[in-house]
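What follows is a set of notes on a single structure, which appears directly below.
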Amino acid sequence: MKNRKRKLTGLSLIMALSLLSAGCGSTGASSKSAAADTAAAETSYAYENYATDDIYMSTTAAIEEETGSADMGEGAETPKVQDTERKLIRNVNLNVETEAFEDLMQTVTKKTESLGGYVESSNTYNGSYYYGNSTRNASLTLRIPAEKLDEFLSAVAENSNVISRDENVTDVTLQYVDMKSHKEALLTEQERLLELLEQAESVEDIITIESRLSDVRYQIESMESQLRTMDNQVSYSTVYLYIDEVARLTPVKEQTAIQKIKTGFAESLYNVGNGIKNFVIGFIIRLPYLAVWAVVILIIVLVIRLWLKSSRKRKASKQEMKDGSSKEQKEETKNE
């Protein structure tokens, strides 16, 4: 146990001397030389038989000493986000109607490109009378620069009938700052591990340090990827736009009772007329199927009639044979 404490103390001394030598470079070459000699002497002793947790604990202590986090007492306040631009992620779900489907699609695409955005995904249905619906619709996922989002939404509202709009804003400032600080701490730890790796002499020490160094590098890459993703989500807002082509636009303003009655009655008449039209169109479209089924049914009816006719003939012939035999029997009886 004493040897273990001595190893930890020696390794902590190395890190402290390294930090002091880095922060006090102006005190002269003699101080640097003495610190380096002391560090080299302690390194040869500390690297003889220490375990993985020794390296990690001492390295963490060195990082805390450099960043000043070790000096924070229990009553110290958590660092606050100051002078930091807010990181806001805006997502908008927009449902619109239009009577000019192609024009609106072109307007949306051109406006997105002119604002510096791009279409992330697009799904368009061109409509078909075969399914009883000739209208078209489209589902788009658009990435718009955050500072141009309101301009884009206004342009869409001017060229379509907005049915619903749902906007969600997520503040990720604290998460972003915390992740960035963690990344900087890992970078500092990586530098210290590289310094320890240069001073390591045994194969076991090198393997232990490289293992921890690999873990640190993996965490750094993961955090950099998350930060890039977060930056992209903050810089480019996401708009989920659904466009529906209609023959008549849906009223979105509040109406009086009389206006609702008039609108509802007119809508009912329109739906009845539209239903009759769709029925006629569907009937005409399905005429080839109806003709085929008519031929099949006619053939079945003819076959059944022929079968019934032949069965009747067989029954009649059997009956005639029975009648003939009965007459012969009667005549024989009379003759006797």
Only listed residue being touching a Pro at 6+ places or on another chain (Cβ under 8 Å) and either farther than 30 Å from residue 120 by Cα or modelled with pLDDT of 75 or more (or both), chosen from 250, 229, 263:
263
Filter result for residue 193 (among the aliphatic types (A, V, I, L, M) and more than 25 Å from the chain's Cα centre (by Cα)):
yes
Would you mind telling me which numbered condition in (1) surrounded by fewer than 17 Cβ atoms within 10 Å (Cβ to Cβ); (2) under 34 Å from the mean Cα position of the chain (by Cα) residue 220 fails?
(1)
Any residue at all in region 283-294 that's surrounded by 10 or more Cβ atoms within 10 Å (Cβ to Cβ), in contact (Cβ under 8 Å) with a residue 40 or more places away in the chain and either out of contact with any strand residue (DSSP E or B) (no Cβ under 6 Å at 6 or more places or on another chain) or not in a helix (DSSP H, G or I) (or both)?
yes
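The values are calculated or read from the model by the stated rules, or taken from the named source; none is laboratory data. All values reported here derive from a predicted model rather than from experimental measurement. Neighbour counts run over all protein chains shown; Cβ positions are idealised from the backbone, glycine included.
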